[in-house]
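The values are calculated or read from the model by the stated rules, or taken from the named source; none is laboratory data. Owing to the predicted nature of the structure, the values given are computational and were not obtained by experimental measurement. When we count neighbours, we look across all protein chains shown, and the Cβ atoms used for this are built from the backbone with ideal geometry, even at glycine.
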Amino acid sequence: MAGVFFMPVFRRGGMKVANRIKGITVEIGGDTTGLDKALKGENSTIKNTQSQLRDVNRLLKLYPSNAKLLAQKQQLLQKEISETKSKLDALKEADKQAKVQLENGELGQDKYDALQREIIETENNLKALEEEAKKYHRHYLFP
């Protein structure tokens with residue numbers, strides 16, 4: 001069964017995300033800032049982890065039974081899951097504030113809808129990562 005790899009198809013950078021939620025202002029960690037700026041660090045960290053994971057997957061194609069690479073893949077998957085959960089938590093906190101802003105007329109429906117789409121996409125990304133981690137775990141630890 002060597003040579004079987006599971007990769008989610010949702011990989012993408014943070015640039016589109018920033019444009020989608022640009023103009024939404026929320027308080028995160030005591031600072032009032034634009035949501036796109038508040039998530040910039042989260043998106044950067046996720047993008048870096050995805051890059052490392054792509055590199056490991058590329059090397060696993062050449063060396064499918066390398067124990068160090070297999071361990072790195074498992075570690076990176078867990079790291080990306082954790083980072084994505086953190087981003088989702090921040091988005092859900094922003095959603096609470098955005099809902100109040102919408103009700104008070106301080107935020108347009110289009111911006112609120114864009115935030116909802118971002119939350120849905122992040123939830124789907126998280127589900128795909130968790131499924132990939134399960135498949136990887138079953139395939140390599142319990143063949």
- Message: Residue pairs, Cβ under 6 Å, 6 or more apart or interchain, first in region 130-143 and within 14 Å of residue 57 (Cβ to Cβ), second modelled with pLDDT of 85 or more and part of a helix (DSSP H, G or I). List them.
- Response: 133/77; 140/70
- Task: Could you tell me whether region 54-61 includes any residue that is within 20 Å of residue 123 (Cβ to Cβ), at pLDDT 80 or above and not in a loop (DSSP other than H, G, I, E, B)?
- Result: no
- Task: Could you look through region 108-120, keep only residues that are touching a residue at least 24 places away in the same chain (Cβ under 8 Å) and within 14 Å of the chain's Cα centre (by Cα), and pick out the one that is surrounded by the fewest Cβ atoms within 10 Å (Cβ to Cβ)?
- Result: 117
